[in-house]
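The values are calculated or read from the model by the stated rules, or taken from the named source; none is laboratory data. The model shown is predicted, which means the values in this text are computed figures rather than measured ones. Glycine gets a Cβ as well: all are built from the backbone with ideal geometry, and neighbour counts include every protein chain shown.
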């Protein structure tokens, strides 16, 4: 169920198992249609081998003005493997999107699966997948080793990203107790994609040090 609450000059919307927040104008109302989406209708693709036989839950939100769209998807493997993953895509036709993370470590704040856990973050890395540049960090969260990732696009071709913006962020966590070498984490990053309508002009909000 989507959590919706307002603060002064801020509307915070959480998709399904997320609690995403953004800075928007006061003219944006919190009430908007939300619905479950079939696996085949989801725009998001996660081709990591461990997720091939996993269950997938997808939910989509569109505000009444049509300016903001969010889609969240979570994967969970069956049996003893117990791999979990999630992707959240937030799009806007004007202004910043509802969820506009600026660093992969902010991803843990968006998903209920990480609630009440204190993550330890690794170094910020930069790679490239079929969608373009991607920032990622490995993280230790509870008993799991995870990789957190972020891609951000501006639809205007300028050196500095500007609105409208598409933000894709998410996580992939191996089974409890399993290690997560950097090369495997990078392979996971490269398995992310869109089924159709991929954004153009990829830009990153920051650069790794």
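Sub-8 Å Cβ pairs linking a first residue in segment 95-109 that is touching a residue at least 40 places away in the same chain (Cβ under 8 Å) to a second residue that is part of a helix (DSSP H, G or I), at least 6 apart or interchain, are 101/107; 108/114, ordered by first then second residue.
Strands (runs of 3 or more DSSP E) fully within segment 82-187 that include at least 3 residues being in contact with a helix residue (DSSP H, G or I) (Cβ under 7 Å, 6 or more places away or on another chain) and at pLDDT 95 or above: 132-141, 144-154, 165-173.
Confirm whether residue 79 is modelled with pLDDT of 85 or more and either assigned to a strand (DSSP E or B) or farther than 26 Å from residue 129 by Cα (or both). No, not satisfied. When residue 35 is tested against (1) in contact (Cβ under 8 Å) with a residue 12 or more places away in the chain; (2) assigned to a helix (DSSP H, G or I), just one condition goes unmet, and that condition is (2).
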